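Inspection log for the structure reproduced underneath, given as structure tokens.
Please treat every number below as a calculation from the coordinates, not as lab data. This is a predicted model, so every value here is computed, not measured. Methodologically, a virtual Cβ is constructed for each residue, glycine included, from the backbone with ideal geometry; neighbour enumeration extends over all protein chains shown.
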Amino acid sequence: MSQSNFLNMDSLSLQDINEETEFIPLMTSEDEEEINSESLPEELPILPLRNTVLFPGVVIPITAGRDKSIQLLNDAYNEKKEIGVVAQKNKEVENPTKEDINHIGTVARILRVLKMPDGNTTVIIQGKKKFELNEIVKEDPYLIATVNEIIEDKPANEDKEFKAIIDSIKELSLDIIKQSPNIPSEASFAIKNIESSSFLINFISSNMNLSVSQKQDLLEIHSLSNRALETLKYMDLEQQKLSLKNDIQSKVRNDLDQQQREYFLHQQMKTIQEELGGVSYEAEVEEMRAKGKTKKWNDKIAQHFEKELVKMSRMNPQVAEYSIQRNYLELFLELPWSEFSKDKFDLKRAQKILDRDHYGLEDVKQRIIEYLAVLKLRNDMKSPILCLYGPPGVGKTSLGRSIAEALGREYVRISLGGLRDEAEIRGHRKTYIGAMPGRLIQSLKKAGTSNPVFVLDEIDKLSNSHQGDPSSAMLEVLDPEQNSEFYDNFLEMGYDLSKVMFIATANSLGSIQPALRDRMEIIDVNGYTIEEKVEIAKNHLLPKQLKEHGLDKTHLKIGKKELEFIVEGYTRESGVRGLDKKIAKVVRYAAKSIAMEEEYDVKINKDTVVKVLGPARLERDKYENNDVAGVVTGLAWTSVGGDILFIESILSKGKGGLSITGNLGKVMKESATIALEFIKANAERFDIDEDAFNKYNIHLHVPEGATPKDGPSAGITMLTSLVSLFTQRKVKKQLAMTGEITLRGKVLPVGGIKEKILAAKRAKIKEIILSEENRKDILEIKPDYLKGLNFHYVTEMDEVLDIALTKQKVKNAKKL
């Protein structure tokens with residue numbers, strides 16, 4: 001029996017019914033005989049019930065909700081007619097027919113109709129006798145059917161077995177009432193005072209915790225003895241469950257008391273937190289657990305997360321470690337574990353994007369297309385570590401963004417300039433207050449995928465301190481054989497970086513740690529020619545600046561000649577950053593004129609450029625004449641690209657001393673000393689009077705004394721300058737040279753050839769002298785860069801002098 005429903009009368013107590021009906025629902029034997037003597041009408045209005053079964057003699061309250069049921073009850077109550085009550089087979093059916101209701105039901109009389117405070121109608125009915133449904137004769141406004149009375153098979157009064165069953169039912173009922181604290185004690189009084197055996201069985205069957213179908217099965221048992229026995233089985237099962245439950249409660253009561261105390265305290269804390277506008281800690285843990293189930297984790301990560309989550313649930317939320325643990329778990333949930341963006345392998349589209357965003361840089365673009373091609377064919381290639389090496393402003397960083405767009409990947413950039421704390425790469429251990437993961441893990445969290453294009457900007461400017469060496473920490477990041485399990489101190493687990501495409505940028509390779517450099521594929525990104533700068537300015541820089549200043553192409557037009565004038569006269573860099581600033585200044589001139597409603601020429605000419613930017617300041621880059629002996633044009637490499645420089649030498653009376661000026665480094669001074677000693681040793685070959693070395697002091701100078709200069713590249717230039725000075729022979733016009741010399745007169749190769757070639761073109765040089773071993777460097781340069789240049793490849797210093805010096809002496813040559 002149900003503890004909550006036994007003798008509960010569907011939530012309407014016996015006292016309520018007595019007060020409303022002045023009727024005691026405990027049927028006596030006389031009442032039963034009187035009911036049995038009454039005959040049934042041939043037709044009855046049928047009331048289908050959704051959730052209960054009515055037994056003969058039992059009083060129950062029902063709430064009418066359907067319009068047909070309300071009308072039926074009102075008509076029957078007003079006319080004092082009996083009704084037929086049957087249970088529905090499926091309670092979801094709204095308008096039941098004969099097939100939807102059971103054929104065995106109970107005749108009932110309406111005791112009282114009550115209007116409830118909520119507006120519903122509650123009717124109290126009492127069952128009288130059972131009937132069998134024959135035929136539905138009418139469906140509107142409610143069901144009316146013909147019925148047959150069912151006479152129950154009752155045992156004889158002297159049947160001892162039946163009496164024993166009845167006694168057992170009473171004893172079990174009283175025992176259940178006693179064991180259950182939810183059943184009122186008045187129920188025992190009611191059970192003891194029931195005289196009729198059939199009513200006792202019906203009363204208990206109606207109030208047991210059984211389903212509608214089980215109660216219907218009991219109603220359809222026409223033998224009272226069999227129904228009593230079946231009722232006793234249900235009661236015995238209920239009594240066993242109740243005894244077992246009480247035993248369990250008795251065993252765990254002490255533990256439950258402590259747990260209940262903690263539970264109530266937690267519930268109070270939860271309520272206080274919610275009132276203050278926060279989220280309860282328990283809800284926070286469950287929310288994290290639910291999110292964790294949606295992540296694409298392997299078993300190892302999932303187990304680690306669950307372990308850390310349990311650890312947090314056991315922590316006191318007031319301690320500092322709780323917030324660290326929560327941040328740790330939130331990072332776990334936000335990281336894109338095994339989430340990858342789908343690569344786009346349309347190589348033609350990728351080529352268009354690279355060409356659209358960057359003019360020139362053919363070698364770099366070719367390497368990117370090669371990478372995409374291999375990845376398309378294999379689909380499992382580990383991402384290479386590319387290092388774009390070149391001067392500032394040539395587009396190394398922006399190239400990374402174009403690669404990300406071409407691949408269809410997320411773009412992430414980390415500036416490494418000045419980074420000196422190893423924890424910025426590897427993260428802090430989470431035992432410290434304020435601990436954070438490394439910048440790589442943080443950036444992956446923001447990217448939302450595990451395979452972005454990662455630009456490590458200015459990797460050559462990493463520094464170290466007492467806090468560790470970040471460049472050493474980068475070794476694991478940039479090693480394709482190790483970064484599949486990159487260990488972050490805060491994360492405390494390996495994270496797969498093998499699908500990330502790392503692109504590093506650097507201005508100088510000398511400051512990069514050798515082991516780190518070995519892990520990267522170096523790609524030279526050299527400077528641009530004047531023609532390339534003009535195209536970049538026309539197609540990229542000018543449209544960008546117009547947009548940034550709120551203008552369009554109708555407000556300002558700059559022709560190719562004017563752009564070339566700006567490039568040659570106002571910029572000397574390998575990149576285009578300085579050019580971008582000059583164009584921005586011209587655009588601001590137009591913006592100011594428009595804003596102040598002043599007249600200006602939409603099409604910019606050279607005069608306007610000079611007016612806005614001032615006179616051209618970089619004419620010194622251009623070639624100077626070699627009419628004076630001892631002046632030679634050399635080629636140099638700088639951090640911003642190639643440049644030309646002039647070596648000047650002069651003689652003055654003295655005792656053969658050598659003076660060197662121009663802010664030169666140790667290597668460059670040594671080159672000057674080597675050149676002079678080589679000339680002294682071979683004076684006869686060069687037709688130089690040996691006494692001259694004792695009569696004159698030699699002064700060698702490299703202009704732009706404020707700029708530091710060093711390196712062996714000016715060796716042949718210094719030697720040529722000194723020979724020209726001592727022989728008073730002119731150097732050929734529009735000729736430049738670069739190369740290292742030895743005491744034996746050998747010409748050695750030097751670096752930075754492409755940058756030096758571009759500088760020579762800017763200076764209108766026509767001929768260039770190089771070491772024979774630099775021929776391979778020329779073959780790697782794009783042919784367009786070499787147009788208009790004539791190269792001389794040499795191995796000996798004699799060849800340099802034969803090419804560079806004319807036989808004609810300068811006018812007013814000194815007599816040495």
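Counting each DSSP H run of 4 or more residues in the chain as -39500 (n - 2.57), what helix-only mean residue ellipticity at 222 nm follows after dividing by all residues, to the nearest 500 deg cm²/dmol?
Calculated at 222 nm, the ellipticity per residue is -13000 deg cm²/dmol.
Which Cα, out of Asn663, Ala537, Pro41, lies furthest along the positive dipole direction of the chain (beta carbon charges, K/R +1, D/E -1)?
Ranked along the dipole, the leading option is Asn663.
Ranked highest first by average number of other Cβ atoms within 10 Å, how do 606-615, 45-54 line up?
Details: 606-615: 14.1, 45-54: 21.4.
Per-residue mean Cβ counts within 10 Å order the peptides as 45-54, 606-615.
How many Å³ per residue does the convex hull of the Cα positions in region 624-809 occupy?
Spelled out: Cα convex hull of region 624-809, divided by residues, is 104 Å³.
Using a cut-off of 15 Å between beta-carbons, work out the net charge of the residues near Gln513 (Lys and Arg +1, Asp and Glu -1, Gln513 not included).
Charge balance near Gln513 sits at -3.
With 24 Å as the limit, write out which pairs from Lys352/Lys782; Lys538/Lys782; Lys348/Lys561; Lys446/Lys581; Lys163/Lys233; Lys782/Lys807 have Cα-Cα distances beyond it, or answer none.
Values: Lys352/Lys782 20 Å; Lys538/Lys782 22 Å; Lys348/Lys561 33 Å; Lys446/Lys581 32 Å; Lys163/Lys233 16 Å; Lys782/Lys807 35 Å.
Flagged as over cut-off: Lys348/Lys561; Lys446/Lys581; Lys782/Lys807.
Could you pull out every one of the lysines with an alpha carbon less than 16 Å from that of Lys766, ignoring same-chain neighbours closer than 8 positions?
List returned: Lys622, Lys732, Lys733, Lys754, Lys756, Lys787.
Compare the peptides 302-314, 527-539, 324-336 by average per-residue count of other Cβ atoms within 10 angstrom and give them in order, highest first.
527-539, 324-336, 302-314
As I understand it, the value is the acute angle between the Cα axis of helix 299-314 and the longest principal axis of the Cα atoms of the chain; what does it come to in degrees, rounded to 10?
With rounding to tens, the tilt is 70 degrees.
Could you size up the charge dipole of the chain around its Cα centre, putting +1 on the beta carbon of Lys and Arg and -1 on that of Asp and Glu, and report it in debye to the nearest 20?
On the way: 116 positive and 128 negative charges, 1547 e Å.
Here the chain has a charge dipole of around 7420 debye.
How much of the DSSP beta bridge set in region 399-499 is antiparallel, as a percent to the nearest 5?
Values: 4 of 9 bridges.
Just about 45 percent of them are antiparallel.
Quick one: work out the % antiparallel among DSSP beta bridges in the chain, nearest 5. Could you put the intermediate results ahead of the total?
Details: 52 of 92 bridges.
Antiparallel bridges: around 55 percent, rounded to the nearest 5.
For Kirkwood radius over Cα pairs in Å, several values are listed as (1) 37.3; (2) 30.9; (3) 32.7; flag the one computed from this structure.
Checking each listed value against the structure points to (1).
If Lys and Arg each add +1 and Asp and Glu each add -1, what is the summed charge of the other residues whose beta carbon sits under 12 Å from the beta carbon of Lys732?
The answer is +2.
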